[in-house]
Amino acid sequence: MYIKLFDQEVGEGRPTFIIAEVGLNHNGSMEIAKKLIDVAVESGCNAVKFQKRDVKNLAINSFLDSPDLRFPEFGNTYREVREFVEFSNEELLELKEYAGKRKIHFFLTPFDLESAKTVEKLDLAVVKSASHNLTFIPLIRTLVKRKRPLIISTGMSTLEELDHTVSIVREADCPFALLHCVSAYPTPLELVNLKLIDFLKERYQVPVGYSGHEEYTSNSQATLAAVARGACIVERHITLDNNMIGFDHKISLNPESLKSLVNSIRNVDRMMGNGIKKLLPEEKIKRDQQRISIATKVSIRKGTKIEESMLVYKGPGTGFASYDLPKIIGQVAKVDIPEDILILPEMIG
């Protein structure tokens, strides 16, 4: 089960594809946005992701114009707050070009049909569908028409809803991957449910990743456990400072935490191996030193038929192993064999 994301083949046995989700943590500032791209690059992430909304189409006017006092610096209504943190197509193009110069992949999550047009205008090679748009079927149908890789977050959905959306994507013959996601901000560790990674892989037979929303103080334990469980894509929100005003800073990784997580994920990738059990050259010395062999309990004269009572089990492990006992019993000593030495093949016959 593999998918090609940009220039990287992603799936089991491949390096984890790490997405730095800027989301709205740029706070409407191009300067902050570019700094966050720099953070993603310097941390070793594979891609950086932004979000795009056409605010007037997000909700009905009465909802958009309802009071929203979460971030007074951004505005006093839901519309004002959302508009404050939105970038224009021109600004997003500038960010894409900046990411290109920094040698990191750039893509978007569009949240409405109008924003899906931005994906086309920017000619993005990959696109992401957010959890709360999993049942926004017109948007899903628009995105899969492109036949370019689609990453689908699966939070806040029922199994029936997910089955329906996956069937639509499959019918369109669009390559896709799923992200296990819990849409609780922050996500308590007891709700992370990493066993769902196995379930999603088995049920849909596609690459499965993990989009984490745990509080930044959790040391990214869930994300690392997800990678060890088989998640081949990781998405985490990033911020310059967890104390900044704005939407997702408290569930985001600051530069130091992001770099630490990426390094840890790369170490987990190295640890995964190929699943084949074999004796390693690096184990041979210890094996020879510490394994048990068959040794003599008494002196055995040349021509004597060897009996079990003449033998004992001792190290090192460079002689006959204990399971070779039937090969020795009944054999005749070809030489005088002293007490307390290992039996070797040339001594018997």
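Every number in this text was worked out from the coordinates using simple rules, so none of it is lab data. None of these values were measured; they are calculated from a predicted model. Glycine also receives a Cβ, built like all others from the backbone with ideal geometry; neighbour counts cover every protein chain displayed.
From Cα pairs below 8 angstrom and at least 6 apart in sequence, can you work out the relative contact order of the range 210-300, rounded to a whole percent?
Here the relative contact order equals 24 percent.
How high is the relative contact order of the chain, in percent, counting Cα pairs under 8 Å that sit 6 or more residues apart?
That works out to 15 percent.
How long are the semi-axes of the equivalent ellipsoid of the range 14-272, taking √(5λ) for every eigenvalue λ of the Cα gyration tensor, in whole Å from largest down?
Three semi-axes, in Å: 26, 23, 19.
Largest first and in whole Å, give the semi-axes of the range 111-184's equivalent ellipsoid, each being the square root of 5 times a Cα gyration tensor eigenvalue.
Listed largest to smallest, the semi-axes of the range 111-184 are 19, 13, 11 Å.
Would you mind ranking Thr118, Thr154 so that the residue whose beta carbon has the fewest other beta carbons within 10 Å leads the list?
Lowest to highest Cβ neighbour count: Thr118, Thr154.
Per the Debye formula with a single identical scatterer at each Cα and no solvent contribution, what log10 I(q)/I(0) holds for the range 45-195 at q = 0.09 Å⁻¹?
So the normalised log intensities work out to -0.33.
As a footprinting exposure proxy, order Val268, Val55 by other Cβ within 10 Å, with the fewest listed first.
Val268, Val55
Only loop residues by DSSP count here, and only those with at most 15 other Cβ atoms within 10 Å; note down the trypsin sites (Lys or Arg not before Pro) in the range 70-155 that meet that.
In loop regions of the range 70-155 (DSSP not H, G, I, E or B), the sparsely surrounded trypsin sites (Lys or Arg not before Pro) are Arg70, Arg102, Lys103, Lys145, Lys147.
How compact is the range 49-95 by the rule of thumb for globular proteins, expressed as Cα Rg over 2.2 N^0.38 Å?
In units of the 2.2 N^0.38 Å rule of thumb, it is 1.22.
Hey, which lysines would be in cross-link range of Lys314, C-alpha to C-alpha under 18 Å, not counting anything within fewer than 8 residues on its own chain?
Lys284, Lys286, Lys297, Lys327
Give me D for the range 281-347 in µm² s⁻¹, whole number, from Stokes-Einstein with Rh from the Kirkwood sum over alpha-carbon pairs, 25 °C and 0.890 mPa s.
Roughly 204 µm²/s, to the nearest whole number.
Have a look at Leu159, Leu279, Leu179 and tell me which one the Gaussian network model of the chain (Cα, springs below 10 Å) gives the largest fluctuation.
It is Leu279.
Counting other Cβ atoms within 10 Å of each Cβ, which trypsin sites (Lys or Arg not before Pro) in the range 256-311 have at most 13 and sit in a DSSP loop?
The qualifying sites are Lys277, Lys278, Arg301, Lys302.
What is the order of Ser115, Ser167, Ser218, fewest Cβ neighbours within 10 Å to most?
Ser167, Ser218, Ser115
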